[in-house]
1. If amide H atoms are built 1.01 Å from N in the plane of the peptide, which residues on other chains or at least 5 residues away come under 5 Å of the amide H of Gly121?
2. Compute a Gaussian network model of the chain, connecting alpha carbons closer than 10 Å, and tell me which residue from Lys29, Lys96, Lys20 fluctuates the most.
3. What residue among Ala17, Ala77, Ala124 shows peak mean-square fluctuation when the chain is described by a Gaussian network model with Cα springs under 10 Å?
4. Show that you can apply the helix-only estimate: for the chain, add -39,500 (n - 2.57) for every DSSP H stretch of four or more residues, divide by all residues, and state [θ] at 222 nm to the nearest 500.
5. Quick one: work out Rg over Rh on the C-alpha atoms of region 94-144, Rh as Kirkwood radius.
6. Distances longer than 12 Å among the Cα atoms of region 58-115: what percent of all pairs is that?
7. Just give me a number: lysine pairs in the chain, eight or more positions apart or cross-chain, with C-alpha atoms less than 14 Å apart.
8. Out of the chymotrypsin sites (Phe, Trp or Tyr not before Pro) in region 1-71, which ones are loop residues according to DSSP with at most 13 other C-beta atoms within 10 Å?
Amino acid sequence: QFSVPQLGDRLEIKFTATDKREVDLAALKGKVVLVDFWASWCGPCRAEMPNVISAYEKFHDQGFEIVGISLDQQREALDQFLKTRKMPWPQYFDGKGWENEIARKHGITSIPATFLIGKDGAIAAKDLRGTKLTEKIAELIAAK
C-alpha cells in the first residue's frame, strides 16, 4: 500500500506521453510543475480544467509546466477530450483506470489530485484549485 506524498516530498515520475514525448519530472527541476491526476469522465476535473488551462497559458513562458496523469480507461475518450481543449502538456495514459501505475504508486484514491512542485523539485502545495492555484504558481515562480 502506497501512501500519498506530503509537502516537501519529491515525486519520481518518468514516462512516455501519449504524444511520444519522454517525461522525467527530475529533468524539470528549476521549473514550477503541476502534476495533475485526472480523467475525462471526472466532473470536478472537467470543472477545474479551464482554470488549469488558463494558468498554463499565463505562466508557461515564465517556467511553468504541467504533467497530466489520466485515469481514463479508454484512449478514445481521452483523445476526444484533449482534442476539444488547449492542453498541450504531456499526458500519461495506461488504460488501467484506478489501477493506473503512477496513480497507485502515489496512493491516489480520488481525483482530481494535484501536486504543485517548486523549483527545488519538492512538493510545495497539494490539491489547490481556482485562484488559490494561480496565486501559488505566481508565488513559486517569483521565488528565487
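1. Gly30
2. With Cα springs under 10 Å in the chain, the top fluctuation among Lys29, Lys96, Lys20 is at Lys20.
3. Its mean-square fluctuation being the largest, the pick is Ala77.
4. Calculated at 222 nm, the ellipticity per residue is -9000 deg cm²/dmol.
5. My calculation puts Rg/Rh at 1.07.
6. Numbers: 1159 of 1653 pairs.
Of all Cα-Cα pairs in region 58-115, 70 percent lie more than 12 Å apart.
7. For the chain, the number of qualifying lysine pairs is 13.
8. Working: sites: Phe2, Phe15, Phe37, Trp38, Trp41, Tyr56, Phe59, Phe64; in loops: Phe2, Trp41.
Sparse-neighbourhood loop chymotrypsin sites (Phe, Trp or Tyr not before Pro): Phe2.
We did not get these values from a lab; they are worked out from the coordinates using the rules stated. Just so it is clear, the structure is predicted and the values come from calculations on it, not from any experiment. Methodologically, a virtual Cβ is constructed for each residue, glycine included, from the backbone with ideal geometry; neighbour enumeration extends over all protein chains shown.
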